[in-house]
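Visitor: Questions regarding the structure given below will be posed in turn.
Read the figures in this text as sums done on the coordinates, not as results from a lab. Computed from a prediction, not measured in an experiment: that's the story for all the values here. Glycine gets a Cβ as well: all are built from the backbone with ideal geometry, and neighbour counts include every protein chain shown.
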Amino acid sequence: MMNRKLISVILSFSLGVVISSMNACSQFIATDNISTGVDGGAITNPSASLFEKTQSTLARDCNGCHRAGGTAASFEFTTPQQFITAGLIVPGRPRQSKLIYRMRNFNDTTVTTDNMPVGGSAINSNDYQAIYDWIAEMPSDQNVFECVNDTFVPSQVRASHAKRISIRQYSNSLKDLLSMSITRPTVVSMVDGALNMFPLPSDTGQYFRRENNVFIGAHAQGFFDIADRLATTVSGSHLNDFVTRFIQLDPATCTSINVTTLSTACRTQLVRNFASRAFRRPLRDQAQNLSTTTGDQINEVADLVAEFNGVSTQEGVNRLIFRVLIAPHFSFQIEDQNLLVGSNLGSNTFAISPYAFISRLTLNFWNSIPDNTLWQMAETEDFTTNTGFNNVLNYVLGQRLKMDDAMREYYYDWLRLERTPNFNVSPRFALIAPNITFNQSLRSDMISEVEELASFLTTSGGTFEDLFMSDISVARSTQLMRVHNQGSAAPSYQTMTMANALRHPAGQRAGILTRPAMTISGSEFANPILRGAHLRKDILCLNLGAPPSDALDTFNGITVPNNITTREKVGIKTAGASCVGCHNLLNPLGFAFSNYNSLGMFITQEPVFRSGQDVIESYLNVNSAVDLSPLFGPGSTAQDAAGLSRFVAQQTSAKACFAEKFMSFSLNRPVDREDDACRLNRIYSNLNSTDPLLDMVRSTALDMEFRVRKLQ
Amino acid sequence: MKKNDKVSRRMFLKGAGGVSLAIPFLPSLLPRQAWGQALTPIKRYFSLVGGYDYGHHQNWFPTLNQLSQVHTPSNGDQTFRYQRLSSFLPNATSILSPMLGNRLNPYVNKMNIIRGLNLHTRIGHGGGHMLGNIAATDGHDTRVTGLKPLRTIDQVLGANRNFTPHSNDPLLIGNSAYSYLRSAGGTISRASSNMTKPNNLFNQLFVPGGNPIPQGGGGGTTTPAHPRRDVLTRVLEDYRKIRRGRNISSTDAQILDNTMDRYSDILSRLGETTTVATSGCSYSTINTAQAASDGRNSFWDYNPESHGYAFDMYARIYAAAASCDLRRVFNLHVNIPDFFDRNADEDFHQGHSHQPWATIASNGGRINHQYMGQIWRLYIDTFLARLVSELDSFQEAAGRTMLDNSLVHMTLESSTVHSDYNKPCLLIGSAAGALTTGHMIDYSRRELGPHPEQGDNFESDPANPRFGHVYYGAHYNRSLTTILQAMGLSAADYEDPEINRFFQARTDGRIGTVNNGIARIGGYGHIGSENSGVWYYNDSQLYSQQYSRYNYHFYKNSLPFPPSSAV
């Protein structure tokens, strides 16, 4: 098992400056090349020492034979490249490196089975680990996740289980379902009203909220109450629309609709069309001759039509809606019965039906039910061919507006936007930004801005690099526009394109990292440490050590002049011997954002407040130039946040981190870096400056696991 | 649990496929004796008796360790240990044991779990010894053949007019009958079991001959159910059908079970359509059409889910019938149905019960003895816990509930495989204060060392430690005597002077060493074989050694229980 120490950093606020002191952080750097990222070696700058240690180990334990004039090929190399050239190591891939597998006898048919050193004692584990880490931390952009065998193996497919749909999916599904018969604004108002009146427990997955699969009494009560309310409202106020429009989706033998005295044929079509859309599959009826394990016949059509027996159409519709909205196949994703098609692929793994596939697609990427077009495609497309399969997939991914909700959810969770600070408003806010009202509404706008930008870029042809470099503005609210000092509102999301999108002034905003939600501190003081920690931990997926327990006291105990920049203050306060080791790896990431004040506004100067008073005494030029050498290698520098963002977008660790997170999100399960290495590589390969992010999304749906179900 | 008060005493019954029954408890229904229950509370006996075994001792008992408290009866009866059951429940979700689960947790202070009860002869398979007729064996072990057949205690109670006024007692539902009755001519025969569907049972009890009880009632009021009740009932049936689907994994099933539980909780709060008659019991209209359409001829033939569902209903019906004093002796006898068989090569008996340590591949990788425990958990969760809950919701006189005035008794054919040692005995209720409650009681005599037959070493391996934890203890039949006496019966009601003569006044052999001077054994049932005396004389024989360990002077007595001051 790989070492995966994810240490959370404790951030504390004091005098407007956040401190984060990391004690001996190198001890927390994981040995796993993915969890540290291939940049990990550069960040801690351990590669030089690891290389030296490797050389030392080889000299002691190997060079007896592996030396010039020895009995085996010489290892007396002085540079890493010599090892690469000699085919002894594959950068970033220790398990594929001969130097490693010869010492641990990993499978390799080209070599003898003897472990090295032959005839000597095995290399001790610490030395072995140092060599392993040295190789692991070398940059590599190929086979990042060490895919060994990229073939579909049914036995390795994970069993999937019934899952309660997320609250977000539930809400969207209700709206999309009822909108098939009633105008959307009416439905949205109706559904949102019911959800407000009968709040459901929030989904709280470990990382992604939608991972939450629990079903507690509050869910049952909420679903019951919401179904009760919607059924009553629809049948009471929208009876004609509901009945006629659902029947008209496919009238079949219902040739004349008389709502008051609905014929059996019309009742049947109403039931079929409504419930099948809700269940995301055709209803089961007598013709299918299905039965349970106990022999009970399954005839959903008859069961639901029976709700009309002996009662008025209004009451029948009321009962029908209620029953469908709390039915298992509406509120749960259950792939059972005739949803499985095809023969057993092995290990009890079956191809899923077209309906199950479109259900997976839309629940995952639309957070909702399939629309009528998809419904038709499920009936007509041949999913066994790549053409048919891709037609469906292209349609789903091509619906930008439908994709938006799921993508927003992903970016909210990935970027940990729930941690966006609330505004702790002080009189100094008015001095910094006199025309802006800092409140919850603005905070929500800021969060939505990041969600929307990322979602737009993902669904509109943007690349992974665009996420970090785009200057597109999506600010529309007056307050947020003021934060951006923006004169006009961005086009509506519905009409916005890459071509007509509003752009921020050159050099001011570059991608998601520079948006207010990612830079605000909540107070009048910017917080470089928090910015750096967020970037390092959540975007680069690099570990952080916990600060020592006395970090805050140490930080507060250091007196700094008032008339220096925040960057300079933080630099002084974290320069102590117990702090600097880790803060050297953290502070530059935050300092690069010095052009954004604590309220997310672009600045070139920051105010100096008179001590103890709400008065701006002077302004100081900010400096966002940073030396990134300790993080990204010798000679790495960035003049500002844009420069840093570009570095980030190119980092293996950032792309690997993103790949893992998106795969976990799309499959609703944790990712295993070894078992899922091949599919992670496919996602990773789309994260660059040229491939649309949509291809990355597509790669997750093209994966075989997405198209089969393994029964437990 | 909130107790029903006098105004709203009501027993709810839920049936399959929309059957919904509600039975308010009305004092006027009860015979006059019951009206005066403060003086003479009505006692009722409920048995849950099962064939097969509980798999492993640890499935059943809350602990296999020595209990904390010691009590030595003043009459010279054996010293025993006990401990509060609540001490085994560190938090609200703790389980008493894998079989007993946690649904009985609210009632632990009204329960006793008894350990150290042994039969004193090996019988192999038996169909009557659980309630007292050791002679009812299939001849698997000849040591008990030829003994005089006896009525089982449920029949003793049912035939006693001081105990029950109902000539049709006891009631017996089950796919097997572990009950033996005595004809007027003295012939002992096996009672007929009845596997009727719950709604039919309801009709038998509450609508005899098509005439709802109470006869002659008129007028009344109707309380409508919540308008969503019927639809929600059908939704639950939708869930059940999916649960029984062909492509449902075990995890799917757990998820659906949990969901159904949550919706069932809501359903239980929606109320029933209830017609309250002016006198006697009342109940809601049964949706017979829905009940008939569920496609099942018998709940006993289907899967565990529908099986358990039916047992929940049986429990509700039993409690309702008790509240209306339609019966006072209720049995539910279960021989594990074949649909639990997961061994493709053997029947359940050979494939599961007899292979306690085997892992059956098609059984989800479970070890058989654990599987046995899981099966019984179903009956405890669905029937026993529901029954106890319902009984405890009826407040009777003197601050006692119907549960307090009753005894709910659970036992099984064997403990492990064929073993008759550590036989299970769960008693819930105090029989109107006749028994102290709230304890695990252990009659094991650890000071004598492990019992030589360590829980039926099925594989003929006396050193096999896997079933250990068996010691000399008390005779199992004393638990039956305890029940009879707690129910108010006297020795004359159940003793048979024709049996156990072999053990009286003996001075020879090992048995004589300990039991010299017993002029009358008394008590209920056979101590053991009387036709194979060699088993009790020959020092090399296990049973001879065994009989030397027991003092039969107290065989006729109730088991000693913890004192009322016990903590």
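Visitor: What span do the alpha-carbon atoms of the stretch A:181-331 cover on each of the three principal axes, reported in whole Å from largest to smallest?
Guide: Sorted largest first, the three principal extents are 50, 42, 25 Å.
Visitor: Let's test the formula: R0 of 22 Å, r as the Cβ-Cβ distance of A:Thr186 and A:Ser263. What FRET efficiency results, to the nearest 0.05? It would help to have the intermediate numbers written out before the result.
Guide: Details: r = 27 Å, r/R0 = 1.24.
Given R0 = 22 Å and the Cβ-Cβ separation, E is 0.20.
Visitor: For the stretch A:241-303, place one equal point scatterer on every Cα, skip the solvent, and apply the Debye formula. What is log10 of I(q)/I(0) at q = 0.17, 0.28 Å⁻¹?
Guide: -0.59, -1.16
Visitor: Pop the C-beta distance of A:Gln376 and B:Glu498 into the FRET formula with R0 = 56 Å and round what comes out to the nearest 0.05.
Guide: Details: r = 84 Å, r/R0 = 1.51.
Between A:Gln376 and B:Glu498 the formula returns 0.10.
Visitor: Which value at 222 nm does chain A reach when only helices count, each DSSP H run of 4 or more adding -39,500 (n - 2.57), with the total divided by all residues and rounded to the nearest 500 deg cm²/dmol?
Guide: Details: 32 runs with 322 residues, N = 712.
The helix contribution divided over chain A gives -13500 deg cm²/dmol.
Visitor: Helix A:652-667 sits at what angle to the longest principal axis of chain A, using alpha carbons and giving 0 to 90 degrees rounded to 10?
Guide: Its long axis makes an angle of about 20 degrees.
Visitor: Next up: Within a 10 angstrom radius of the beta carbon, how do A:Glu379, A:Glu524 rank from fewest other beta carbons to most? Write down the numbers at each step before the final one.
Guide: Details: A:Glu379 10, A:Glu524 21.
So the residues, fewest neighbours to most, are A:Glu379, A:Glu524.
Visitor: Taking the Cα of A:Asn289, stepping 7 Å toward and past its beta carbon, and measuring to each backbone N in the stretch B:240-264: which are under 12 Å?
Guide: Residues passing the 12 Å test: none.
Visitor: Ok, one more. Using the Kirkwood radius over C-alpha pairs as Rh, can you work out the diffusion coefficient of the stretch A:549-600 via Stokes-Einstein at 20 °C, viscosity 1.002 mPa s, in µm² per second?
Guide: 180
Visitor: Quick one: what do you get for the stretch B:318-359 if you divide its Cα Rg by 2.2 N^0.38 Å? Let's see the in-between values first.
Guide: On the way: Rg = 17.3 Å, N = 42, 2.2 N^0.38 = 9.1 Å.
The reported ratio for this selection is 1.90.
Visitor: Here's another thing I want to ask about it. Which of A:Lys569/A:Lys655; A:Lys573/A:Lys655; A:Lys537/A:Lys573; B:Lys110/B:Lys423 have a Cα-Cα distance over 26 Å? Don't skip to the end; give the middle numbers.
Guide: Numbers: A:Lys569/A:Lys655 33 Å; A:Lys573/A:Lys655 32 Å; A:Lys537/A:Lys573 22 Å; B:Lys110/B:Lys423 20 Å.
Too far apart for the 26 Å limit: A:Lys569/A:Lys655; A:Lys573/A:Lys655.
Visitor: Modelled label-to-label distance, B:Trp357 and B:Asn168, 7 Å Cα→beta-carbon offset: nm?
Guide: Reported label-point gap for B:Trp357 and B:Asn168 is 5.1 nm.
Visitor: Would you mind counting up the charge near B:Leu172? Only other residues with Cβ under 11 Å from its Cβ, with Lys and Arg at +1 and Asp and Glu at -1.
Guide: Values: positive: B:Arg190, B:Arg327; negative: B:Asp154, B:Asp169.
Once positives and negatives cancel, what remains is 0.
Visitor: If you take the C-alpha gyration tensor of the stretch B:333-396, multiply each eigenvalue by 5 and take the square root, what semi-axes do you get, largest first, in whole Å?
Guide: Details: eigenvalues 194, 24, 14 Å².
Its equivalent ellipsoid spans semi-axes of 31, 11, 8 Å.
Visitor: Between B:Thr507 and A:Ala575, how many nm apart are label points set 7 Å from Cα along the C-beta direction?
Guide: In this crude label model, B:Thr507 to A:Ala575 measures out at 10.9 nm.
Visitor: Turning to a different aspect of this structure: Arranged from highest to lowest average of other beta-carbon atoms within 10 Å per residue, in what order do the peptides B:64-76, B:487-499, A:272-284 appear? The partial results should precede the final answer.
Guide: Values: B:64-76: 12.6, B:487-499: 15.6, A:272-284: 23.0.
Most protected by this proxy first, the peptides run A:272-284, B:487-499, B:64-76.
Visitor: In the P(r) worked out for the stretch A:598-712, what percent of Cα pairs fall beyond 21 Å? Spell out each step's value before the answer.
Guide: Numbers: 3802 of 6555 pairs.
Here the tail beyond 21 Å accounts for 58 percent of pairs.
Visitor: On to the next question. How many partner chain Cβ atoms sit within 10 Å of a residue's Cβ in peptide A:159-169, on average, as a whole number? Provide the component values of the computation, followed by the final result.
Guide: Numbers: counts 4, 3, 8, 11, 2, 2, 0, 0, 0, 0, 0.
Partner Cβ neighbours, averaged per residue: 3.
Visitor: Right, here's the next one. List the trypsin sites (Lys or Arg not before Pro) in the stretch A:178-258 that DSSP assigns to loop (not H, G, I, E or B) and whose Cβ has at most 13 other Cβ atoms within 10 Å. Which are they?
Guide: When the trypsin sites (Lys or Arg not before Pro) of the stretch A:178-258 are filtered for loop state and at most 13 Cβ neighbours within 10 Å, nothing remains.
Visitor: Within 10 Å of each Cβ in peptide A:298-306, how many partner chain Cβ atoms are there on average? Round it to a whole number, please. Before the final figure, lay out each step's value.
Guide: Working: counts 6, 1, 2, 0, 0, 4, 2, 0, 2.
The mean count of partner-chain Cβ atoms within 10 Å per residue comes to 2.
Visitor: Please compute, for the alpha-carbon atoms of chain A, the extent along each of the three principal axes and give them in descending order in Å.
Guide: 94, 76, 46
Visitor: To continue, here is another question. Per 5 Å bin, what is the whole-percent P(r) computed from every C-alpha pair distance within the stretch A:138-213?
Guide: 3, 12, 13, 13, 11, 12, 10, 8, 7, 8, 3, 0
Visitor: Just to confirm the filter: which trypsin sites (Lys or Arg not before Pro) across the stretch B:375-421 are DSSP coil and have at most 12 other Cβ within 10 angstrom of their Cβ? Could you put the intermediate results ahead of the total?
Guide: On the way: sites: B:Arg377, B:Arg386, B:Arg400; in loops: B:Arg400.
Here no trypsin sites (Lys or Arg not before Pro) fit, given the DSSP loop and packing criteria.
Visitor: Sort A:Cys65, A:Cys541 by Cβ crowding within 10 Å, fewest neighbours at the top.
Guide: A:Cys65, A:Cys541
Visitor: How big is Rg to Rh over the stretch A:467-611, alpha-carbon atoms, Rh as the Kirkwood inverse-mean-distance radius?
Guide: On the way: Rg = 17.5 Å, Rh = 16.9 Å.
That ratio equals 1.04.
Visitor: Right, next: Take every Cα pair under 8 Å in chain A that's 6+ residues apart, average their separations, divide by the length, and report that relative contact order as a whole percent. Let's see the in-between values first.
Guide: Values: 1167 pairs, mean separation 137.5, N = 712.
Once divided by the residue count of chain A, the mean separation gives 19 percent.
Visitor: Using a cut-off of under 20 Å, list every residue of the stretch B:228-260 whose amide N is near the label point 7 Å from the Cα of A:Gln297 along the Cα-to-beta-carbon line.
Guide: Hits in the stretch B:228-260 for A:Gln297 at 20 Å: B:234-235, B:237-246.
Visitor: Could you pull the Cα extents of the stretch A:497-575 along its three principal axes, largest to smallest, in whole Å?
Guide: Principal axes ranked by extent give 53, 33, 20 Å for the Cα atoms.
Visitor: In addition: Give me A:Ser598, B:Ser167 sorted ascending by neighbouring Cβ count inside 10 Å, so fewest comes first. Mind showing how you got there, number by number?
Guide: Details: A:Ser598 23, B:Ser167 8.
Going from least to most buried by this count: B:Ser167, A:Ser598.
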